[in-house]
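Have a look at the structure below, then the notes.
Each reported figure results from applying straightforward, stated rules to the coordinates on display, with no laboratory input. From a predicted model like this one, the values you see are computed outputs, not experimental measurements. We place every Cβ from the backbone using ideal geometry, glycine too, and count neighbours over all the protein chains shown.
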Amino acid sequence: MSDKKPEEMLDSIFDRALSGKHILNDNHVLSSEYIPEKLPFREKQIVSVGQTLAPLLKGMKCSNLLLYGKTGTGKTVVARYVIDRLAQKAHSNNMKIRVAYSNARVSRTSYRVLTDLANSVDLSIPFTGLSIGEVLQRIVNKISQDGYFVVFVLDEIDYLVKTHSDNLLYELTRSSDRLSPGFLCLVGISNDLQFKDYLDPRVLSSLSEEELVFPPYTAEEIRSILLQRAEMAFTGGITPTAAINLCAALAGSEHGDARRAVDLLRISAEVAEREGAEQLEEKHVRIAVQKIERDRVNDALSSLPLQAKVVLLSILRCGDDDSSCSTGTVFEKYHNLCQKIGIEVLTQRRVSGLLSELDLLGLTSSSVVSSGRYGRTKKIHSSIPIQLVREIFSEDPVLTPIL
Ligand SMILES: Nc1ncnc2c1ncn2[C@@H]1O[C@H](COP(=O)(O)OP(=O)(O)O)[C@@H](O)[C@H]1O
Ligand SMILES: [Mg+2]
């Protein structure tokens, strides 16, 4: 931290803002809502979605469509790009085509998802109070009455399927089958390739009349996507090539995830601006990586259920003398901690389950070591510094006595 007084620091932050010296021209260009004019490497998918929806412009019905692929492969942006243009064409030709978009993860409830659909046909739905069936009926009536042809993009449907069963999808596909006049076309998007296994077969066959897979981008493709964004986002025609190369390399290391890359570039630029730097450099990207990781860990830690928090604390407890500890030791410590704060002690089996979940979240790592004639034991260590865990868990008053 700087040794300047807060008022001096604030002054210089504001002066910098006033002087108009920015690295970023337009930070909206790097936001997740932004839809670029051009989407390189996705021409095939754009054309394909366009061809599926085009019959609507002839007043004909079209097939439902399912888009899937890993996160950051451009599914959302391609779908929005195509429906925006479809809506423009329909508008300039005075056609009764409406487009709607809803993200099931963001909207959370079936009710909210349907409200997004209702809004697209100028139907207002009270905030609460109606049954899902009733809301759907009103939407269907309105679509029929006005003879609308509606394209409904339902993003992250895997979320809907896993959390509320696929009832809503079932009802939607059924309603669209029975609609006349008017028409409802569904474009489902999923980040999870396995989600089809969870779907009701009737829903699946209706939804996947056509399917389109989005492959991961290569590191080189990510780089050129970032370069294209950077040309619009950064001031004075300065493209911070070295920083962009680093963002692309880091984001491409698991699978070609354009979202991670764009987010990393945006946060790096924010770091640089906050520092008052003239240019975005690799060091800002490195700081941004740490910041993203810290935020991820913060979110993961603070949203853990109480029992999982206690299990994590038990692991940290045995870390003092031995760098790693066995399941047995963890359970012992866990038992003590539960008694100290007066909560239920779960069975060893349930605790093992929680241990696996912590592992999956990347908060702990376990390894199996062979210990001579006693066979093999599992050793568990926390991947998170104890200080950070204490800091975040201190928000939970129940845990105070054992921190
Ligand atoms: N081909 C592309 N050209 C330009 N930007 C892209 C491209 N593909 C993805 N992006 C950008 O990368 C980010 C992630 O894309 P998104 O469509 O949200 O991925 P998905 O929905 O598959 O998880 C968004 O900011 C998006 O604008
Ligand atoms: Mg998406």
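Cβ distances below 4.7 Å define possible disulfide partners, and in the chain the cysteines left without one are Cys62, Cys185, Cys247, Cys338. Here the Gaussian network model covers the chain, with springs between Cα atoms less than 10 Å apart; of Ser383, Ser190, Ser370, Ser370 fluctuates the most. What the phi angles of segment 187-195 give under the Karplus curve with 6.51, -1.76 and 1.60, with θ = phi - 60°, is a coupling list of 10, x, 10, 9, 8, 9, 6, 8, 5 Hz, glycine and proline written as x. Per-residue Karplus couplings for segment 104-116, computed as 6.51 cos²θ - 1.76 cosθ + 1.60 with θ equal to phi - 60°, are listed in order as 5, 5, 6, 6, 6, 10, 4, 4, 5, 4, 5, 4, 4 Hz, Gly and Pro entered as x.
Near the amide H of Cys185, within less than 5 Å, lie the amide hydrogens of Val150, Val151, Phe152, all on another chain or at least 5 residues away, with H placed in the peptide plane. Taking the DSSP bridge list for the chain and keeping only pairs wholly inside it, about 30 percent are antiparallel. Evaluated with a Cβ-only charge set (Lys, Arg +1; Asp, Glu -1), segment 43-213 carries a dipole of roughly 360 debye about its Cα centre, given to the nearest 20. Judged by the gyration tensor of its Cα atoms, with axes a ≥ b ≥ c, the chain is oblate; a/c meets the 1.5 cut and b/c is at least as large as a/b. Summary of packing: across the peptides 238-244, 4-10, the per-residue average of other C-beta atoms within 10 Å ranks them, highest first, as 238-244, 4-10.
With charges set only on the Cβ (+1 for Lys and Arg, -1 for Asp and Glu), what does the dipole of segment 140-238 come to about its Cα centre, in debye to the nearest 20?
On the way: 8 positive and 16 negative charges, 51 e Å.
About 240 debye.
Could you tell me which of Ile244, Ser12, Leu179 has its Cα farthest along the dipole of the chain towards the positive end, charges placed at Cβ (Lys, Arg +1; Asp, Glu -1), taken about the Cα centre? Final value for the positive-end residue is Leu179.
In terms of its alpha-carbon gyration tensor, segment 218-300 comes out oblate; a/c meets the 1.5 threshold, while b/c is at least as large as a/b.
Remind me, relative contact order of segment 16-163 in percent, using alpha carbon pairs under 8 angstrom and six or more residues apart? Don't skip to the answer; put the middle values down first.
Values: 125 pairs, mean separation 32.4, N = 148.
Rounded, it is 22 percent for segment 16-163.
Centre-to-centre, using Cα atoms only, segment 299-320 and segment 188-207 are separated by 35 Å.
Between the residues Ile380, Ala308, Gly342, the greatest Cα displacement towards the positive end of the dipole of segment 304-402, with unit charges on the Cβ of Lys, Arg, Asp and Glu, is found for Ile380.
Tell me the mean residue ellipticity at 222 nm calculated for the chain from its helices only (DSSP H runs of n ≥ 4, each -39500 (n - 2.57), averaged over every residue, nearest 500). Mind dumping the intermediate values first?
On the way: 17 runs with 213 residues, N = 403.
Helix-only estimate at 222 nm: -16500 deg cm²/dmol.
Straight-distance candidates among the aspartates and glutamates for linking to Lys196, with alpha-carbon spacing under 20 Å and chain neighbours fewer than 8 residues away dropped: Asp155, Glu156, Asp158, Asp166, Glu171, Glu209, Glu210, Glu211.
In terms of its C-alpha gyration tensor, segment 304-402 comes out prolate, because a/c is 1.5 or above and the ratio a/b outweighs b/c.
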